[in-house]
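Okay, structure first, notes after.
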Amino acid sequence: MIAILLSTREQRETCMSEKFGEKLRKIRTSKNMTQEELATVLGSSKAYVWQLENKKNAKPSAELLLKIANHFGASPEFFLDDTQDEPSDRQIEDAFFRKFHKLSENDKRTIERIVSGFDDDD
């Protein structure tokens, strides 16, 4: 068990983006959201959001990373990949489908009806 925990910690340390905080701040401010508002959404504190944005090599938990990604309609991979400055189309689609799967069946059907109304010729 200790080896698994160490392995997980080591993986997090080697996989975490050096630009995580910069990306988080950029996407948060582009949505006109304060650190305090994001902290409320994440169930965290403003001070912790500040640390994530300003501390070099911030290492949020996988659960918190997923909350951040889902909230901003991005993928966790975007936040982990230093070579990306913007989420890719694929990552945006993946985030959309994660949200779609969480909708009620009624809401899913409504979206399906809307999409089916688009002409396939476009």
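Values quoted throughout were computed directly from the atomic coordinates according to the rules given, and no laboratory measurement underlies them. These numbers come from a predicted model, not from an experiment. Here the Cβ is made from the backbone with ideal geometry for all residues, glycine too, and neighbour counts use every protein chain on show.
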- Query: Among (1) within 24 Å of Glu18 (Cα to Cα); (2) surrounded by 14 or more Cβ atoms within 10 Å (Cβ to Cβ), where does Ser30 come up short?
  - Reply: (2)
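Looking at the range 44-72 only, could you name the residues that are among the acidic types (Asp, Glu) and either over 10 Å from Lys19 (Cα atoms) or without any contact (Cβ under 8 Å) to a residue 24 or more places away in the chain (or both)?
Looking only at the range 44-72, we keep the residues that are among the acidic types (Asp, Glu), and these are 53, 63.
Hit for the range 44-72 is Glu63, nothing else.
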- Specify which of the listed residues (Arg113, Arg25) is surrounded by fewer than 11 Cβ atoms within 10 Å (Cβ to Cβ) and either at negative phi or in contact with a Ser or Thr (Cβ under 9 Å, 6 or more places away or on another chain) (or both). Arg113
- Query: Applying the selection to the range 17-38, what residues are over 19 Å from Glu86 (Cα atoms) and within 14 Å of the chain's Cα centre (by Cα)?
  - Reply: Leu38
- Item | Long-range neighbours under 7 Å by Cβ, at least six apart or interchain, first residue part of a helix (DSSP H, G or I) within the range 73-94, second of a type in the set (S, T, N, Q) | Glu77/Gln91; Phe78/Gln84; Phe78/Gln91; Phe79/Ser17; Leu80/Ser17; Gln91/Ser75; Asp94/Ser75
